[in-house]
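Okay, so here's the structure we're looking at.
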Amino acid sequence: MTRNVECAPKDLVQVIENDPVVTVRVLRVINAAYFSLPKKTTSIKHAVVYLGFNTIKNLAVGIAALGMVSANRVAGLDNKAFLQHALSTAGIAKLLAQRVDGADPMDCFVAGLLHDFGKLLLAQTMPAEFQKALDQSRSGQTSLHLALREVMGVDHAEVGAMLVSKWRFPVDLVEAIRHQYGPEIQDAPMTACVFAANQISKKLQFGFAGNFYHEALPPAIAKRLGGGLDELMASLGDLTPVFEEAKQFSNI
């Protein structure tokens, strides 16, 4: 439905409301403390009023996609730990976006939520190859995305970006997922927020999505965000509540 430009908002809202699991998860996320709504909302229609249709659409699609996580451990990925990392990164990205010109907090949240989604696809469709890359990353002290490129010829960032592009997500959100690593990383508002949030989540060990190492912020991103990783973490204060929200969500 999201790929159909003629899809009416009310029709998509009805589909979301007819799926109790997605509805509960969407409402749980938007009622989290870091969303700062004026009051708790108990319906998708009310959420659309507060946050806008596109935000709820992207959030619902993202949460439904993460529902693909197997209940069992797949190729070294544990479903709860993966969700905890995804949601922690999303929450921190939203906090960072509130202080960065040109960054939309809600789009940054969704990008953070889905930044590692390609790992799920690769782990579930090519588990042996994904496990090999994971082991290689662990033993070789190299980032998983580089190990995936070596073993599979593609990394999770490219795969995830291809999929969210098909879902008609905003271009800057797609690019934030595609260009989130290495020398090709883009100095763009959303990319900066998601990249930094991901490194903070990894450094604080908020969940696990195959992340054995964290990276320093590239100079351009550090300048945009007002400091390096340690300075940024100090400015954000105690992030434990973000992780606690993520843990509660992963139990739904």
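Readers should treat all values here as calculations from the given coordinates under stated rules, not as data from a laboratory. Because the structure is predicted, anything quoted here is derived from the model rather than measured. Positions of Cβ are backbone-derived with ideal geometry, glycine not excepted, and every protein chain shown enters the neighbour counts.
Subtracting the Cα-Cα distance of residue 124 and residue 216 from 0.36 nm times their residue separation leaves 30.1 nm of extension gain. Taking the fewest neighbouring Cβ atoms within 10 Å as the starting point, the ordered list for 1, 190, 233 is 1, 233, 190.
Taking the Cα of residue 162, stepping 7 Å toward and past its beta carbon, and measuring to each backbone N in the range 114-144: which are under 20 Å? Under cut-off, by backbone N: 114-134, 144. Computed over Cα pairs, the Kirkwood radius of the chain leads via Stokes-Einstein (1.567 mPa s, 4 °C) to a diffusion coefficient of 71 µm² per second.
Multiplying the residue separation of residue 138 and residue 150 by 0.36 nm and removing their Cα-Cα distance gives an extension gain of 2.9 nm.
Residues 242, 159 in ascending order of nearby Cβ atoms (within 10 Å, fewest first): 159, 242. Counting neighbouring beta carbons within 10 Å and listing from fewest to most, the residues 245, 150 come out as 150, 245.
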